[in-house]
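**Student:** One structure, as structure tokens, below. Some questions next.
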Amino acid sequence: MGQHRHRCPGTPGPEGARQGRAGHRRVISHASAFLSSHPRHHERTAMKIGILGAGNIGSTLAERLSTAGHKVSIANSRDPKTVDPAALSTGATAVWAADVPAGADVVIVSIGFGQIPAVATLVSQAPAGATIIDTSNYFPHRDGRIEAIENGQVESLWVQEHFQRPVVKAWNAITTRSFDDKASRPGSPGRIALPVAADDDTQRATAMALVDETGFDAFDAGVLADSWRQQPGTPAYTTDLTIDQLPAALAKADARRSPRRRDLMMEIIADRIEAEGELDHDRLITMVRALF
């Protein structure tokens, strides 16, 4: 397991418990302004970042990374005019998906896991030195059964095979609601930490710097083969842990049991929602922590 680094030269979250982004627009705008006020956002070199996927996580990434001073483009699978204007509120530009990789320093793929093969050719068009970041998670009830994953292949290694490019795993282990609401400045008490895994040290460092700019401590989670430790069904997944708590959670992960625990987690959340209605988000996090 890699050592955590606070400074450097992952659709996430239990789906059944999500709430729409519309109710969080004020919070997101506040978070972007809050983060942009920190001087480190103005010290780093601006990059050209393309985001494939304009859903919950992709849209918030567009807002936060534009606020940090990067040149950000974002696309969904449709006309650029259909991208939510809130994703563009801090300077990101909506483009056609085919234009996302062009000249990009970083390409972030934030789509459903089952859609990965459909964008593989597009991702391959990114410049040779571009950092490719995968935020996805495999949920068989949503993505369909993928035999390679069911047989134990690490999710992002499967993604890497399709992209035929080195991949970084990041932003996959946090719920949409926590990503929207719980960004904070470096050094803030209780700041949430997110694991980042990759085989290339430079690309991992790039992703870690971006994670920090979106409001979370970045933890060096080592190589991509170890990224199963941040997949659904593990103690590090959607439990809002700090930089001091996260290493033990990653170490505690059980590769054999995690797929069953992922499915149990979803069943328990669905059952609670059916019985009680929408769950309070803090209660949801407490409940998921208790499962592990």
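The values are calculated or read from the model by the stated rules, or taken from the named source; none is laboratory data. As the structure is a prediction and not an experimental result, all values here were calculated from the model. A quick note on method: Cβ atoms are made from the backbone with ideal geometry, for glycine too, and the neighbour counts reach across all protein chains shown. Please note that ligands, DNA and RNA were not included when accessible areas were found on the heavy atoms of the full protein model with its side chains. Shrake-Rupley method; radii C 1.70, N 1.55, O 1.52, S 1.80 Å.
**Student:** Cα-based Rg (one decimal) and Dmax (whole number) for region 39-122, in Å?
**Tutor:** So, for region 39-122, Rg and Dmax equal 12.2, 39 Å respectively.
**Student:** To the nearest 0.05, how large is the calculated FRET efficiency for residue 115 and residue 81 if R₀ is 22 Å and r is the Cβ-Cβ distance?
**Tutor:** FRET efficiency, residue 115 to residue 81: 0.55.
**Student:** With a Cα-only, solvent-free Debye model of region 101-149, what are the log10 I(q)/I(0) values at q = 0.14, 0.17, 0.22 Å⁻¹?
**Tutor:** Here the Debye-derived log intensity ratios amount to -0.39, -0.54, -0.78.
**Student:** Right, next: I'd like to compare 60-69, 219-228, 98-107, 79-88: which one has the highest average count of other Cβ atoms within 10 Å, and what's the full order after that? Before the final figure, lay out each step's value.
**Tutor:** Numbers: 60-69: 25.2, 219-228: 21.0, 98-107: 18.6, 79-88: 15.6.
Descending packing order for the listed peptides: 60-69, 219-228, 98-107, 79-88.
**Student:** Now, a different point. Could you sort 241-247, 193-199 so that the peptide with the highest average Cβ count within 10 Å comes first and the rest follow in order?
**Tutor:** By packing density, highest mean first, the sequence is 193-199, 241-247.
**Student:** Test of understanding: extend the Cα→C-beta vector of residue 165 to 7 Å, then name every residue of region 80-108 with backbone N under 15 Å from that spot.
**Tutor:** The answer is 97-108, whose backbone nitrogens lie closer than 15 Å to the label point.
**Student:** Out of all Cα-Cα pairs in region 181-247, roughly what percent, to the nearest whole number, are more than 19 Å apart?
**Tutor:** Cα-Cα pairs of region 181-247 separated by over 19 Å account for 29 percent.
**Student:** Note down the accessible area of residue 71, probe 1.4 Å, to the nearest 10 Å².
**Tutor:** Accessible area of residue 71: about 140 Å².
**Student:** Let me ask something additional. In 10 Å bins starting at zero, report the fraction of Cα pairs in region 136-292 per bin as a rounded %.
**Tutor:** 11, 40, 36, 13, 1
**Student:** Over 27 Å between Cα atoms, which of 48/252; 71/182; 48/81; 48/182 qualify?
**Tutor:** Too far apart for the 27 Å limit: 48/252.
**Student:** Just reorder 70, 162, 141 by solvent-accessible area, largest first, 1.4 Å probe, all chains present.
**Tutor:** Largest accessible area first, the residues go 141, 162, 70.
**Student:** Moving on to the next point. Please report the Cα spread of region 236-286 along all three principal axes, rounded to whole Å, starting with the longest.
**Tutor:** So the extents along the principal axes, rounded to whole Å, are 34, 25, 9.
**Student:** Right, next: Compute the semi-axes of the equivalent ellipsoid of region 148-213, taking the square root of 5 times each eigenvalue of the Cα gyration tensor, and list them largest first in whole Å.
**Tutor:** Output for region 148-213: semi-axes of 26, 15, 9 Å.
**Student:** Using alpha carbon coordinates only, what is the Rg to Rh ratio of region 88-176, with Rh defined as the Kirkwood radius? Let's see the in-between values first.
**Tutor:** Details: Rg = 13.6 Å, Rh = 13.9 Å.
Rounded to two decimals, Rg/Rh equals 0.98.
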